[in-house]
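Everything on this sheet refers to the single structure shown next.
The values are calculated or read from the model by the stated rules, or taken from the named source; none is laboratory data. Remember, predicted model here, so these are calculated numbers, not experimental data. Please note: Cβ atoms are built from the backbone with ideal geometry, for glycine as well, and neighbour counts cover all protein chains shown.
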Amino acid sequence: MLRGIQRILLLGSLAVAGGAAEVEEVRPPTEAPAIAAERLSMSEWLDALAKRDYGVDELRRRISDGTLSTLYVQLAAERRSLQTLQTLVSEKRAVKEALDNTTKNLSAIRAFYADHIRKPWFGNESAYRSPDIIVILGANQPALDQRLAHALPIIQRFNNASVILSGGGRTIVLEAQTMRDYLVQHGVAEDRLIMEPDSLDTVGNAVFSGLAMMKNRMHDGNVLIVTSGFHAPRTLFLFRSILGPRFRIAVSATPSSGADIAARIEHELQEEAIAIRDLLHWPSIAGEPPRPVKEVCDVFYQILLRHKLYESRWDLARRYSDQCKLLR
């Protein structure tokens, strides 16, 4: 039984050691890290986990390229496995050292994230300084009021920018409608406002905002997104990934505070890892590694097929059929 456990844990460890960019992605043999070709004993594997360390420079790189979230999820899985292993072996010292170091690395990631989101803006400087399109992301109260109050002077300053109000929400009143009413009451011209009432989460914000841009013939430019600070890194990564290189993306963030900030950080990392695994890659074909999607319509079909909030939404399929055609 111990040999079987060792094999399972070793596979998970190699994914972390190799810096895998996707959750549960299998690398092609030519890209496998050198360590994958070696045989490791249980003690060697535990020793590697006990010594693994992630510096600030590496964490900064990982948060920008989307691998911080998958690393965090993998380390969390390692910790659960090590906690189980402690109950199965009599000699616990090596397991405890590996477990303590894995727990330390998880704490370091959360602390780095909490410090990172203190910044007022993220992403491309030209998009932040001179946006062509401003996107406000919907939310529950009081976060939505905070985002609107933060967005209003930006909209007033850049009075030639179009404004996309992104959010259907999960209540009777549409978040996009709430945003529109607030901005019109504060003097923003109605012809600047574009309603996007179909999104129910951050992936949806990016997809349906992208489709709204396509519909309004916005095919490139500077995009400034307004959201909460704790939400900013995931927002930046998803919008960059889904809108593609024709758009320069920045995020202007409201300050993050509150007793639940640690839980929010955990949620953001978990949700980004799931999106990378399930929505930004096509499923494996005949055992090949998953391949990234190319554009907004690809992710649109992914969420119709694989996302619990949009799965089998035929109304959305009909609504966007002219924009997202399947051509051969």
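Can you say whether ALA98 is outside the structural domain of ARG217 (by TED's automatic domain parsing) and surrounded by 22 or more Cβ atoms within 10 Å (Cβ to Cβ), as far as the supplied structure shows? Here the answer is yes, as ALA98 does meet what is asked.
Only residues that are aliphatic (A, V, I, L, M) and buried (at least 20 other Cβ atoms within 10 Å of the Cβ) were counted in the range 183-235, giving 14.
Applying the set (1) surrounded by fewer than 18 Cβ atoms within 10 Å (Cβ to Cβ); (2) touching a residue at least 24 places away in the same chain (Cβ under 8 Å) to GLY66 leaves exactly one unmet item: (1). When GLU196, GLU190, GLU272 are screened for being touching a Ser or Thr at 6+ places or on another chain (Cβ under 6 Å) and more than 26 Å from ILE63 (Cα to Cα), only GLU196 passes. SER90 is checked against (1) over 25 Å from GLY167 (Cβ atoms); (2) part of a loop (DSSP other than H, G, I, E, B); (3) touching a Leu at 6+ places or on another chain (Cβ under 8 Å) and fails just one. What number does that condition carry? Of (1) over 25 Å from GLY167 (Cβ atoms); (2) part of a loop (DSSP other than H, G, I, E, B); (3) touching a Leu at 6+ places or on another chain (Cβ under 8 Å), only one is false for SER90: (3). Of all residues in the range 129-149, those being in a helix (DSSP H, G or I) and at pLDDT 95 or above number 7. For the range 186-202, check the following and say yes or no: at least one residue is closer than 18 Å to ASN160 by Cα, touching an Asp or Glu at 6+ places or on another chain (Cβ under 6 Å) and not assigned by TED's automatic domain parsing to the domain that holds VAL73. No. Scanning the range 241-275 for residues that are surrounded by 21 or more Cβ atoms within 10 Å (Cβ to Cβ) and either assigned to a strand (DSSP E or B) or of a type in the set (Lys, Arg) (or both) gives PHE247, ARG248, ILE249, ALA250, VAL251, SER252, ALA253, THR254. Only one entry in SER107, SER126 is in the same structural domain as GLY258 (by TED's automatic domain parsing) and assigned to a helix (DSSP H, G or I), namely SER126. Each residue in the range 304-328 was checked for being in a helix (DSSP H, G or I) and touching a residue at least 60 places away in the same chain (Cβ under 8 Å), and 2 pass. Determine, yes or no, whether ALA176 is modelled with pLDDT of 95 or more and more than 20 Å from GLY229 (Cβ to Cβ). When the stated conditions are applied, ALA176 passes them.
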